[in-house]
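Student: Encoded as structure tokens, here's the structure I'll be asking about.
The values are calculated or read from the model by the stated rules, or taken from the named source; none is laboratory data. What you see is a predicted model, and the numbers here were worked out from it, not measured in a lab. Note: ideal-geometry Cβ built from the backbone for every residue, glycine included; neighbour counts use all protein chains shown.
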Amino acid sequence: MRKLLMRIAACAAVAVTAGATLSVVAGTTADATIRVDTTKVRFPVAPDLWGIFFEDIDLSLDGGVYAEMVRNRSFEDGNGGKRELTLEYWNPVGQAECVLDKSRPLSDKNPHAVRVAGRKGDGIANEGYFGMGVHKGVPCKLSLALRAAPGSSVRSLDVSLEAYSKPLLATGRIEGLTEEWRTFELTLTPNGSDAQARLAFRLGEDGAIVMDCVSLFPSDAVAGKFRRDLVERLAALRPSFLRFPGGCWVEGERMKDAYRWKTTIGDKWERRTQWNIWKYWATNGVGYHEFLELCEVLGAKALFCINCGMSHKETVPMDKMDEFVQDALDAIEYANGPVNSTWGAKRAENGHPEPFNLGYLEIGNENGGKEYESRYALIANAVRAKYPEVKLVFDNWKATKRVEDPKDLRDDHFYFSPDHFMGALTHEYDTPKGDFGIFVGEYAVTEGTGRYGSLRGAIGEAAFMLGLERNQNQVRLAAYAPLFANAQHTTWTPNLIYPTTSGNFASPSWTVQKLFSENRGAEVLGVEVNTAKFRTATVSRRGRTEHEIETVQASAVRDADGAVIVKIVNCAEEPKTAALNLRGRAVRTVFTGPSSDAHNSPFAPDVLKETVAEAVLDGTPLSLPPLSLTILRMPIASHSTR
Ligand code: AHR
């Protein structure tokens with residue numbers, strides 16, 4: 001009967017009411033009908049559904065969220081991926097001779113410094129991450145370790161922040177150098193803004209100095225370390241959880257490159273400077289502790305992804321896995337343990353006596369097969385025995401047997417074309433995958449989209465997210481990937497947010513993520529859509545794929561305050577209409593753009609934005625712009641299913 005009604009609806013432009021009586025919208029035709037059943041709650045929403053995945057990829061931390069402005073700040077960066085060190089990102093000023101110095105290091109974990117020799121006025125300058133972004137009147141805090149070279153009479157150093165075209169933005173002077181290491185601090189307040197400033201040091205007298213641990217942070221950094229504009233971007237997404245720190249970064253190419261959290265905590269100058277698989281040197285200035293802090297800043301649960309003894313090219317033998325099991329247990333103790341536990345005490349020592357909220361532990365990233373299954377079981381059993389409250393996440397790459405407990409979550413990743421996301425993937429979770437939960441840990445339109453994303457890509461993701469929302473009894477968590485790429489270092493594209501030196505801009509996908517997160521609701525309602533379909537074909541490295549796409553797609557939830565929220569996606573490149581069975585006042589949010597490949601860029605950072613307007617739903621079919629996401633929020637008072 002229902003099928004028959006839907007067929008009639010398609011022909012005669014009808015809207016079906018929640019009570020299953022049929023009402024014809026007089027004199028109107030619609031391309032699709034959407035029927036929301038407000039009488040029946042399917043299930044409560046997954047409370048943590050929308051989160052974020054923060055990988056140390058493409059200078060997302062150093063050169064991104066980590067507000068440090070000095071690059072190669074402790075002179076430990078190597079030459080490309082090689083271990084030989086260079087003075088990358090440092091340039092001589094005047095006729096100075098600048099060489100790496102290992103003669104008397106500050107610590108054996110930070111063995112290199114720079115020796116700068118020359119006449120008064122010669123020196124060295126740091127160019128930062130593609131220039132330093134400084135803002136008029138926002139003080140920058142400088143700290144550095146210095147000593148006069150043996151026998152040298154240099155006692156002072158002039159410091160300046162200089163704009164790209166060289167005018168001085170701020171100056172300062174350091175005095176009292178001796179031949180012993182000493183740390184100096186100085187505040188530099190720029191008298192103008194510049195996106196490509198540099199930090200220069202000039203000898204106050206003829207001679208030589210040795211310098212190390214050079215650091216410059218804007219004083220408005222959140223918690224003294226995170227770039228404010230980027231934290232605001234993240235906060236606007238209202239993430240329920242934050243998965244970190246990778247991705248492939250967790251695995252590394254070989255085990256020596258794998259992420260080991262214990263090398264990322266404590267004194268920032270003693271942390272491992274590590275070659276990142278995404279082609280840069282990582283300081284681990286945002287290490288395990290700071291990631292947990294960032295979760296706290298955002299009010300997000302922490303989901304730590306730990307190396308499981310597997311890298312891209314090597315696997316740790318089973319008889320050497322104890323260290324990895326212990327790392328997992330210690331990571332949880334560090335985050336959540338009491339201050340009188342070994343690792344809880346270290347957390348307190350590092351400035352955070354209160355426990356963090358580590359809710360999830362993922363064991364491995366994109367690992368799979370027999371080798372993974374045995375390593376997963378080893379770590380998972382140890383964690384389950386000691387920390388049953390921590391939810392575990394497992395990978396499913398080439399699974400050969402069940403490894404999970406029904407309490408666990410499986411991490412699924414999707415990188416495809418917009419067509420794939422609008423097509424088959426919208427129904428990916430219509431049938432249960434098993435008796436475990438699903439974490440869609442990484443997804444993004446990566447094919448047929450530009451460097452900075454595209455409207456069509458974002459709308460493809462929106463269609464997929466409708467499917468996640470409709471099936472959130474099974475899909476418990478989901479996160480777009482990757483979150484950040486420095487606009488000048490994009491080995492992976494597209495990304496959600498692009499830091500530049502002077503600010504940031506976001507891809508169209510960011511707006512979609514934000515709108516879904518703002519409109520999560522509390523209970524999932526039934527929704528039926530009757531729509532035409534269209535066919536497309538894409539060609540990628542996977543070959544040619546045909547897609548059948550439902551033109552109009554929808555999902556519906558009810559909020560805690562009783563408001564009904566309906567999300568509708570028009571996947572077509574032309575306007576469509578939809579007859580909806582709800583009546584009353586609504587706040588109508590529409591996200592679309594001028595063309596399928598529309599996107600924001602460094603030169604036009606705000607091209608794509610949602611519009612919000614009041615609307616009255618009176619039975620007239622809704623207009624759905626081409627490639628659009630429409631969200632209707634209807635307060636209960638004015639809501640009826642007539
Ligand atoms: O998100 C980029 C990469 O894609 C991640 O590092 C990896 O997990 C996936 O293959």
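Student: Can you list residue pairs whose Cβ atoms sit under 7 Å apart, with the first residue in segment 434-446 being touching a residue at least 24 places away in the same chain (Cβ under 8 Å) and among the acidic types (D, E) and the second being part of a loop (DSSP other than H, G, I, E, B) and within 12 Å of the ligand (Cβ to nearest atom)? Count only pairs 6 or more apart in sequence or on different chains.
Tutor: What qualifies is E442/A481.
Student: Only one of K268, K256 is surrounded by fewer than 20 Cβ atoms within 10 Å (Cβ to Cβ) and more than 16 Å from the ligand (Cβ to nearest atom). Can you tell me which?
Tutor: Within the list K268, K256, the selection yields K256.
Student: Follow-up question, since we're still on this one. Being part of a helix (DSSP H, G or I), in the same structural domain as K262 (by TED's automatic domain parsing), of a type in the set (D, E) and in contact with a Phe, Trp or Tyr (Cβ under 6 Å, 6 or more places away or on another chain) narrows it down to one residue among E366, E323, E333, E373; which is it?
Tutor: The unique qualifying residue is E333.
Student: Can we say L169 is buried (at least 17 other Cβ atoms within 10 Å of the Cβ) and within 35 Å of the chain's Cα centre (by Cα)?
Tutor: yes
Student: Applying the selection to segment 385-430, what residues are assigned to a loop (DSSP other than H, G, I, E, B), within 23 Å of the chain's Cα centre (by Cα) and of a type in the set (A, V, I, L, M, F, W, C)?
Tutor: V390
Student: Now for a separate question. State the number of residues belonging to segment 538-553 that are of a type in the set (A, V, I, L, M) and under 13 Å from M422 (Cβ atoms).
Tutor: 2
Student: As an exercise: evaluate L59 against (1) out of contact with any Asp or Glu (no Cβ under 8 Å at 6 or more places or on another chain); (2) modelled with pLDDT of 90 or more; (3) under 29 Å from E574 (Cα atoms) and give the number of the one condition it does not meet.
Tutor: Every condition holds for L59 apart from (3).
Student: Follow-up question, since we're still on this one. Here are some residues: N495, N530, N473. Which one is more than 16 Å from the ligand (Cβ to nearest atom) and part of a loop (DSSP other than H, G, I, E, B)?
Tutor: After ruling out the rest, the residue left standing is N473.
Student: Still on this model: Would you call L177 away from the ligand (no atom under 16 Å from the Cβ), touching a residue at least 40 places away in the same chain (Cβ under 8 Å) and either over 18 Å from P499 (Cα atoms) or surrounded by 20 or more Cβ atoms within 10 Å (Cβ to Cβ) (or both)?
Tutor: Working: away from the ligand (no atom under 16 Å from the Cβ): yes; touching a residue at least 40 places away in the same chain (Cβ under 8 Å): no; either over 18 Å from P499 (Cα atoms) or surrounded by 20 or more Cβ atoms within 10 Å (Cβ to Cβ) (or both): yes.
No: the conditions fail for L177.
Student: Restricting attention to segment 439-451, which residues are crowded, with 24+ Cβ neighbours inside 10 Å and more than 16 Å from the ligand (Cβ to nearest atom)?
Tutor: none
Student: Which of the residues that make up segment 560-577 are part of a strand (DSSP E or B) and over 30 Å from the mean Cα position of the chain (by Cα)?
Tutor: K576, T577, listed by residue number.
Student: Follow-up question, since we're still on this one. Is it the case, given these coordinates, that R456 is away from the ligand (no atom under 16 Å from the Cβ) and either in a strand (DSSP E or B) or of a type in the set (K, R) (or both)?
Tutor: yes
Student: Could you tell me whether any residue of segment 486-494 is under 29 Å from T39 (Cβ atoms), crowded, with 18+ Cβ neighbours inside 10 Å and either among the β-branched types (V, I, T) or more than 14 Å from the chain's Cα centre (by Cα) (or both)?
Tutor: No, segment 486-494 has no match at all.
Student: Please go through segment 289-316 and give me each residue that is within 17 Å of A380 (Cα to Cα) and either among the charged types (D, E, K, R) or assigned to a loop (DSSP other than H, G, I, E, B) (or both), ordered by number.
Tutor: N307, C308, G309, V316
Student: Take P482 and tell me if it is under 25 Å from A46 (Cα atoms) and away from the ligand (no atom under 16 Å from the Cβ). Steps first, please.
Tutor: Details: under 25 Å from A46 (Cα atoms): yes; away from the ligand (no atom under 16 Å from the Cβ): no.
It is false that P482 is under 25 Å from A46 (Cα atoms) and away from the ligand (no atom under 16 Å from the Cβ).
Student: Would you tally the residues in segment 460-498 being over 30 Å from K433 (Cα atoms) and out of contact with any helix residue (DSSP H, G or I) (no Cβ under 6 Å at 6 or more places or on another chain)?
Tutor: Summing the residues that are over 30 Å from K433 (Cα atoms) and out of contact with any helix residue (DSSP H, G or I) (no Cβ under 6 Å at 6 or more places or on another chain) in segment 460-498 gives 9.
Student: If we scan segment 236-253, do we find a residue that is buried (at least 20 other Cβ atoms within 10 Å of the Cβ) and of a type in the set (V, I, T)?
Tutor: yes
Student: Now for a separate question. Taking the criterion of being touching a Cys at 6+ places or on another chain (Cβ under 9 Å), over 20 Å from V390 (Cα atoms), outside the structural domain of V214 (by TED's automatic domain parsing) and in a loop (DSSP other than H, G, I, E, B), would at least one residue in segment 344-362 satisfy it?
Tutor: Checked against the condition, which is being touching a Cys at 6+ places or on another chain (Cβ under 9 Å), over 20 Å from V390 (Cα atoms), outside the structural domain of V214 (by TED's automatic domain parsing) and in a loop (DSSP other than H, G, I, E, B), segment 344-362 yields no hits at all.
Student: Can you tell me which of K407, K401 is in contact with a Pro (Cβ under 9 Å, 6 or more places away or on another chain) and more than 16 Å from the ligand (Cβ to nearest atom)?
Tutor: Among K407, K401, only K407 is in contact with a Pro (Cβ under 9 Å, 6 or more places away or on another chain) and more than 16 Å from the ligand (Cβ to nearest atom).
Student: Tell me which residues, restricted to segment 584-642, are assigned to a strand (DSSP E or B), within 26 Å of the chain's Cα centre (by Cα) and either within 20 Å of T33 (Cβ to Cβ) or at pLDDT below 95 (or both).
Tutor: V590, S628, L629, T630, I631
Student: Residue by residue through segment 40-50, note down the ones that are over 12 Å from V475 (Cβ atoms) and touching a Leu at 6+ places or on another chain (Cβ under 8 Å).
Tutor: Matches in segment 40-50: K40, V41, R42.
Student: Can you spot a residue in segment 275-289 that is buried (at least 18 other Cβ atoms within 10 Å of the Cβ), free of Cβ contacts under 8 Å to residues at least 24 places away in the same chain and not aliphatic (A, V, I, L, M)?
Tutor: Yes, that holds for at least one residue.
Student: When you scan segment 120-172, how many residues do you find that are of a type in the set (S, T, N, Q), in contact (Cβ under 8 Å) with a residue 60 or more places away in the chain and closer than 25 Å to A487 by Cβ?
Tutor: 1
Residue-wise test of (1) more than 26 Å from M318 (Cα to Cα); (2) out of contact with any Lys or Arg (no Cβ under 8 Å at 6 or more places or on another chain).
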residue: A348; (1), (2): yes, yes
residue: F356; (1), (2): yes, no
residue: G364; (1), (2): no, no
residue: R375; (1), (2): no, yes
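Student: Right, something else. Check F217 against each of (1) touching a Cys at 6+ places or on another chain (Cβ under 8 Å); (2) free of Cβ contacts under 8 Å to residues at least 40 places away in the same chain; (3) away from the ligand (no atom under 16 Å from the Cβ) and name the one condition it does not meet.
Tutor: (2)
Student: If only one of S152, S143 is among the hydroxyl-bearing types (S, T, Y), more than 20 Å from L87 (Cα to Cα) and surrounded by fewer than 21 Cβ atoms within 10 Å (Cβ to Cβ), which one is it?
Tutor: Answer to the selection: S152.
Student: Hey, could you check segment 82-113 for residues that are loosely packed, with under 12 Cβ neighbours inside 10 Å and within 32 Å of the chain's Cα centre (by Cα) and say which is farthest from I277 (Cα to Cα)?
Tutor: E84
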